[in-house]
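So the structure is just underneath, and the comments pick up after that.
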Amino acid sequence: MPAADVEVLYTQLRRRMMESGEWDHIQSILTAKLNESGWLDEVKDGSKEKARVMEPLSFQQLFEETTSKIASEIPLSIKREIMSHIRQYIIGQTA
Amino acid sequence: MVHEAVECTHIGSLLEEQESEDALLTKLKTVVAWNVNRYQSVKNPAKRRKIAFPACGTCGLSLSRPFSCLNCSYIGCWSEDHVSSHLSDEGHTFCADVKSGSVFCSECDDFIYDPRIDDAYVTAVITAEERQTKFQVAKKPRESFKPWIPNAKEAAALEGATATPCQGRRGLLNLGQTCFLNVVLQCLVHNPLLRNYFLGDKHNSKQCKIEENCTCCEMDKLFSEIYSDDTSPYGPITFLATTWRASAELSGYAQQDAHECFISVLNQIHSTSRGSTNVSCNCIIHSTFAGQLQSDVKCERCGNVTSTVDPMLDISLELKAKGGEIISGENTLAACLRRFTQPEKLGAKDYSCDKCGKVSHGASKRLSIRKLPPVLSFQFKRFEHKTADKSSARKIDAPIRFPSSLNMAPFTTVAMRETEKDSGGAAPSYPGPDAMYEYDLFAVINHEGQINNGHYTNFARFQDEWYRFDDDKVTHSSLGTCLKSAAYMCFYVKRHLDYKPYVTPSYVLMRETEAVREKELEKEKEAARMKEVEDALLATV
């Protein structure tokens, strides 16, 4: 599928997912799991303690340093589960 | 390491002008309220029309985390500099993250802070949440939060007063194996509702009518000591003595269980509170800690459900399964709560149904939280007593992971009922807003060692900073350190309090009725006396 078409499809699916409430539903499942695994608190505490000693304090630097590594620290089981939710939705929409 | 707060002069000058201040804050409040309402309509399938989601003004994607320009109607993504490019292209200065209310200044090229902005954000969120809350009982509307504005008399009284910071920290001396009491006291002192009650002079130990053994007076004195200028460690000698006299089981020089002490102190504060009652009490303890547990017993044969409601001051969580083995796998607070609320089979011989009478199929029992208290206290049952003799007890050391924020919705009666009704994986809907179910950790009690030669320490939070307390030693700590510690008890406070309309306490009403009745009696007596005098006079004529 040409890249431009993929982008159009992505935009449409994303809009439909949000308007139907599915996006927020999956987001709340994700948040609950990330909280229970301790990932949310690690990001919160890690970035706060980093900011405490950062000189000069810069949001941009803190944002970049934090976001560059947190995605890799999400437990695999959570990633798989959320991907499967998303996949199921897309299959349902494009069948 | 302490940064000097750098002020954004751009927001400062804008907020000086009434008109531009109104425009900015109104815009901010509108977008923040929109965001709060969006989550609610998503949760309620009955109300769910197609929700219109804003699309980024630059790339057209539907935005899950919109940033709103505070100068015009542009909304966009933070990523790829969409919104900041808009700001520089149009010469607009400020934009805001609608979820957190964080305001970004393009001139400073940074997020900025101003108390007026924080105020506007909190007000907008609370107002939007209040409008969404429908109480189950009698569909009464939720009482709106009204900030306190001093009247003329109060303002005059404040004129000469010195403002004291609302934070106080002081170590507590170990008076001989009393660390169990010290950790309980620190957790009570750092409890925002108890702190506000006692700092608000609601139980003045100098005016209290109770002659001796008043634990409320001891709490009042403790707060005075902790919030005094003296930072040297304090020895809670009279508190300990009062606790001994009130609770024989806690007396003696041996180490005691902090949870037993906690419950005992709560009961002592309750019984020495003015106007406390045995049923539906609204003393400071019950207002703070009292929740309700519902137990539903379902007959396996006919499906008839019998529900009982019991009061609770805290939740004790088992660390062992029925068979006696220590739980493996998920060692989290949420997992403990799931086990707490899972259906449990009742033996056939223990149950007979009111409706169908058959005893053969047995029943299942399920616990759920019917009413959430403002402060939730959890205890992990680490000490198992093999026999009645405490000295042969064993300690379960398995660490349990607990979060800094907790959403209690899945464990409430109202949400569990919805989930049962609904089949399939659709989003369960329960009365919102979510904030009513969200709690933040503020204190943790730790125990290290074995039962007979262990030591209690605790963590407690003030606003965003965490501190560690080890009897007389108080040190600054971090959230991470607290979360890595082995917890015995955890204390959570509701993020936003929900108020119901003020009702005059029953003991005040009774007092007023008594006063009225006494006046009536006096009048009658006086009239009777006057009549006697008259009769006597007439008799002499």
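See the values below:
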item	result
Distance violations [Cα-Cα > 27 Å] among B:206/B:473; B:221/B:500; B:381/B:494; B:209/B:381; B:202/B:523	B:206/B:473; B:221/B:500; B:209/B:381; B:202/B:523
Surface/4 of the Cα convex hull for the stretch B:230-276, nm²	4.5
Extent along principal axes [Cα atoms of the stretch B:54-174; Å; largest to smallest]	57, 45, 45
Area of residue B:88 that stays accessible when all protein chains are in place (1.4 Å probe, Å², to 10)	80
Chymotrypsin sites (Phe, Trp or Tyr not before Pro) within the stretch B:480-541: DSSP coil, no more than 11 neighbouring Cβ in 10 Å	B:502
The protein assembly as shown, Rg to Rh (Cα coordinates; Rh as Kirkwood inverse mean 1/r)	1.02
Cβ-derived FRET efficiency at R0 51 Å, residue B:21 paired with residue B:335, nearest 0.05	0.55
Tensor-based shape of the stretch B:221-312 (alpha-carbon gyration tensor, a/c under 1.5 rounded, otherwise prolate or oblate)	prolate
Under 18 Å from the residue B:108 label point (7 Å along Cα→beta-carbon), backbone N, the stretch B:7-23	B:7-17, B:21-22
Interatomic Cα distance distribution for chain B, bins of 10 angstrom, percent	3, 13, 21, 23, 19, 12, 5, 2, 1, 0, 0
Nearest-20 debye value, the stretch B:246-325 charge dipole, Cβ charges on Lys, Arg, Asp, Glu	240
Inter-chain shielding of A:28-39 (mean C-beta neighbours from other protein chains, 10 Å cut-off)	4
Buried solvent-accessible surface, both chains (B, A), 1.4 Å probe, Å² to nearest 100	2600
Exposure rule at most 12 other beta-carbon atoms within 10 Å, DSSP loop trypsin sites (Lys or Arg not before Pro): chain B longest free segment	B:387-541
Sulfur and carbon atoms: percent of accessible area, the protein assembly as shown [1.4 Å]	54
Mean projection area, nm², convex hull over Cα of chain A	8.0
Shape call, the stretch B:84-126: gyration tensor on alpha carbons, a/c limit 1.5	prolate
Peptide A:20-27 - average C-beta neighbours from other chains (10 Å radius)	5
3J(HN,Hα) from dihedral phi, the stretch B:366-378, Karplus parametrisation 6.51/-1.76/1.60, rounded to Hz, x for glycine, proline	9, 9, 8, 8, 7, 9, 8, x, x, 10, 9, 10, 10
Gain upon complete extension [residue B:30, residue B:201; 0.36 nm per residue less C-alpha separation]	57.8 nm
Range in chain B, longest, excluding exposed GluC sites (Glu not before Pro) [loop by DSSP; at most 10 other beta-carbon atoms within 10 Å]	B:326-541
Number of partner chain Cβ atoms within 10 Å, mean per residue of B:54-66	3
Residue-normalised accessible area of chain B, given per residue in Å² at a 1.4 Å probe	55
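The values are calculated or read from the model by the stated rules, or taken from the named source; none is laboratory data. For clarity, every value in this text was computed on a predicted model and none was experimentally measured. We place every Cβ from the backbone using ideal geometry, glycine too, and count neighbours over all the protein chains shown. Protein only, heavy atoms only, side chains kept; ligands, DNA and RNA dropped before computing areas. Shrake-Rupley method; radii C 1.70, N 1.55, O 1.52, S 1.80 Å.
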